[in-house]
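Values in this text are rule-based calculations from the coordinates and carry no lab data. All values derive from a computational prediction rather than experimental measurement. So basically every Cβ, Gly included, is an ideal-geometry build from the backbone, and we count neighbours across all protein chains shown.
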Amino acid sequence: MEPHRDGVDYPSESAQSHSVVRAGASTPAILDLLLDAGLGSDGSNADASFWKDPAIVTSLPEERDLSPSYLATSTPLHTAIAFDNMDMLRSLLFRGFSPNARALITGSLALTPGQYAILIASHEAYRILQNHINIDVGIRTPVFGVHILHFAVALVSEEALDVIGQPLSNAANTALGHTLLHIACLPYRDGEISYTPKIQESIHETRGLRNTQFRRFFVDNVSYNADGRKMCPPCNDRDSSPRDIRDELHRQEVIYKRIIAELGSTMIDLADSHSNTALHYLAGSWYLNESLIAWLRSWTRGEFAWQNHANMRGHTPRDLMEENLAMRNDVVKAGGRGSVVSRAMMQDVVLRGRR
């Protein structure tokens with residue numbers, strides 16, 4: 001749901017330029033040295049005031065009141081979680097750091113420590129945060145209003161839902177009107193939105209989380225050669241690792257049925273701000289979850305939505321599915337690559353079809 005923004009998914013050194021943020025990867029003793037130093041007249045950035053505010057801060061103060069911790073693009077709690085440094089996480093909380101601290105300077109990409117812990121599957125960290133007396137598990141991200149349950153569903157992770165332990169009704173809708181069902185059915189990334197005219201003008205979000213603010217930047221360690229020049233590591237994009245699509249589609253189905261069981265069948269034909277239902281997203285994905293589509297259509301509400309619910313561009317889920325299947329057949333005939341095709345090949349098929 002987040003926009004692609006250059007300069008936000010930053011490299012490790014700039015991400016941790018604040019000394020206390022960097023200390024999240026070290027030891028409590030080093031942290032204490034920095035905190036004792038405070039914000040000196042020399043402009044050192046050991047200020048931690050923003051992260052210790054017990055209030056749930058939702059906006060930045062006037063520019064004249066911005067201290068270094070307000071301007072930091074991360075927090076020491078996020079760094080501790082990223083480095084699996086649970087001792088430091090406990091130490092930060094013991095020293096008065098808020099379990100709800102987040103980098104509001106990053107706008108819509110600001111995540112709480114708990115949201116980030118769920119995002120990277122650091123469930124031990126989430127349990128530590130969850131037990132803090134001041135934790136607020138209902139905080140939503142700025143602008144898009146994403147709840148922690150939305151993140152768990154985006155990961156199609158029952159384990160994450162169980163760790164969070166909240167009623168699914170707490171999630172409500174995002175600012176774009178996405179329900180938990182919509183998010184569970186969104187294509188994982190842009191390249192998995194089938195490249196056809198109706199589908200491309202209908203589907204505008206994905207559920208992949210790789211572009212969110214706090215990547216596990218420690219994976220790409222910076223090293224230096226004999227001349228002291230920084231050597232950039234090879235691309236270590238977590239999306240490049242192979243995914244078990246069949247397992248993912250099964251988990252999607254399990255999550256979907258869990259949501260229906262807890263929240264009721266009225267969820268099936270609810271629409272978002274694009275007037276898309278969950279069936280629109282299932283019908284427009286390259287990796288079709290045909291068993292889930294069939295299960296949904298077995299419900300009266302599901303079949304009615306499949307046949308009749310048009311989105312803002314006038315397309316029903318059936319329209320998207322028919323176009324999707326036609327395109328896939330063309331691709332298989334053209335390239336003989338089965339169900340694994342490139343975005344370029346899909347685009348070429350569409351363009352040839354238009355000609």
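Please check which bits of region 249-278 a label hung off SER169 would reach, taking the label as a point 7 Å along Cα-to-C-beta and the cut-off as backbone N under 17 Å.
Once the point is set 7 Å along Cα→Cβ of SER169, 258-268 turn out to lie under 17 Å by backbone N, inside region 249-278.
Between beta-carbons, use under 15 Å as the cut-off and find the net charge around ARG90, counting Lys and Arg +1, Asp and Glu -1. Kindly include the intermediate steps, with their values, before the conclusion.
On the way: positive: ARG95, ARG127; negative: ASP32, ASP84, ASP87, GLU124.
Overall, the nearby charge balance is -2.
In whole Hz and in residue order, list the ³J(HN,Hα) couplings for region 262-274 that follow from phi through the Karplus curve 6.51 cos²θ - 1.76 cosθ + 1.60, θ = phi - 60°; x for Gly and Pro.
Running phi through 6.51 cos²θ - 1.76 cosθ + 1.60 with θ = phi - 60° gives 8, 10, x, 6, 4, 5, 4, 10, 5, 10, 9, 5, 8 Hz.
Name the residues whose placed amide hydrogens come within less than 5 Å of the amide hydrogen of TYR195, ignoring near sequence neighbours (fewer than 5 apart) on the same chain.
none
Convert each backbone phi in region 48-64 into a coupling constant with the Karplus relation 6.51 cos²θ - 1.76 cosθ + 1.60 (shift: θ = phi - 60°), then list the ³J(HN,Hα) values in order as whole Hz, x for Gly and Pro.
10, 4, 4, 6, 9, 5, x, 6, 8, 7, 10, 8, 7, x, 4, 4, 5
Kindly identify region 97-179 as rounded, prolate or oblate by the Cα gyration tensor criterion: order the square roots of the eigenvalues as a ≥ b ≥ c, call it rounded if a/c is under 1.5, otherwise compare a/b with b/c, prolate if a/b is larger, else oblate. Don't skip to the end; give the middle numbers.
Working: a/c = 1.59, a/b = 1.06, b/c = 1.51.
Oblate.
Mind listing the phi-derived Karplus ³J(HN,Hα) values for region 197-202, rounded to whole Hz, using 6.51, -1.76 and 1.60 with θ = phi - 60°, and x for any glycine or proline?
Using θ = phi - 60°, the values come out as x, 5, 6, 5, 8, 9 Hz.
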